[in-house]
Amino acid sequence: MTEHYFSGTPTGPEHRRDVTVELFGRTVTVATANGIFAGEGLDRGTAVLLRHVPPPTGSPRILDLGCGWGPIALGLALACPGATVDAVDVNERALTLCRDNAGRLRVAGRVRAVRPDEVGEGTRYDQIWSNPPIRIGKAALHDLLLRWLPRLEPTGVAHLVVGKNLGADTLATWLTTEGFPCTRTGTAKGFRVLAVQPRR
């Protein structure tokens, strides 16, 4: 169940399949596979995030934290032609799928699927989007967010979706106490959508 959070290379042979999903109102066909997060298609949390937060305009630099096969990164690149997206994951199978899907949807020039250590230390983002891996545990999740949220530009924002029963409200409180003002911008299907501001 949690292998996709911890394994750089999933065990077992890869079995790909095509699925049709809706990303910001656009219907596309993409490849998914076993051994990654949401290998069956678009998970409920990410679907809630994409429905409740409008895509940006202009030419923002965006981080998709925990990209999986790429629903957030691909959706943002399609909906905002000026956007460039770093799609970050620890799972090599997920990164390959994200790259292949970006090529399939003709946004490969603006979606860069990379491991965390391939992102330069000085890289900053106008927006961060994430369905964060809550089940890695509280300490690991906090470390993950404290690594990436400081990369927000001073006028930036992070959009997170977290299950209510997985501690969304507690996480929002913790983020605020850590200096990242956090507000709830949506609730649906048992999920909270959170907007996180740069550290004050």
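The values are calculated or read from the model by the stated rules, or taken from the named source; none is laboratory data. Bear in mind that the values here come from a model prediction, so they are computed numbers and not experimental data. Positions of Cβ are generated from backbone atoms using ideal geometry, with glycine treated the same way; all protein chains shown enter the neighbour counts. Heads up: the accessible areas ignore ligands, DNA and RNA and are worked out on the full protein's heavy atoms, side chains in. Shrake-Rupley method; radii C 1.70, N 1.55, O 1.52, S 1.80 Å.
Some observations on this one:
- Taking the range 181-200 as the range and being touching a residue at least 40 places away in the same chain (Cβ under 8 Å) and surrounded by 21 or more Cβ atoms within 10 Å (Cβ to Cβ) as the test, the residues that pass are PHE191, VAL193, VAL196.
- Residue ID - most open to solvent (accessible area, probe 1.4 Å), chosen from residues in the range 150-180 that are more than 18 Å from THR46 (Cα to Cα) and touching a helix residue (DSSP H, G or I) at 6+ places or on another chain (Cβ under 8 Å): GLU178
- Residue in the range 95-103 that is within 23 Å of PHE180 (Cα to Cα), buried (at least 17 other Cβ atoms within 10 Å of the Cβ) and among the aliphatic types (A, V, I, L, M) present: no
- Being in contact (Cβ under 8 Å) with a residue 12 or more places away in the chain and over 22 Å from ARG151 (Cβ atoms) is a description that does not apply to THR57.
- Number of positions in the range 71-80 that are touching a Lys or Arg at 6+ places or on another chain (Cβ under 8 Å) and surrounded by fewer than 24 Cβ atoms within 10 Å (Cβ to Cβ): 2
- Complete set of residues in the range 99-113 that are outside any loop (DSSP other than H, G, I, E, B) and touching a helix residue (DSSP H, G or I) at 6+ places or on another chain (Cβ under 7 Å): ASN101, ALA102, VAL111, ALA113
- Number of positions in the range 4-23 that are outside any strand (DSSP E or B) and either more than 26 Å from ARG192 (Cβ to Cβ) or modelled with pLDDT of 95 or more (or both): 9
- Within the range 104-130, tally of residues that are surrounded by fewer than 17 Cβ atoms within 10 Å (Cβ to Cβ) and touching a Lys or Arg at 6+ places or on another chain (Cβ under 6 Å): 1
- Taking (1) under 15 Å from ASP89 (Cβ atoms); (2) open to solvent by 30 Å² or more (accessible area, probe 1.4 Å) in turn, PRO133 satisfies each apart from (2).
- If the condition is being more than 16 Å from the chain's Cα centre (by Cα), within 15 Å of GLY75 (Cβ to Cβ) and either surrounded by fewer than 20 Cβ atoms within 10 Å (Cβ to Cβ) or of a type in the set (D, E, K, R) (or both), then the range 23-53 contributes GLY25, ARG26, THR27, VAL28, THR29.
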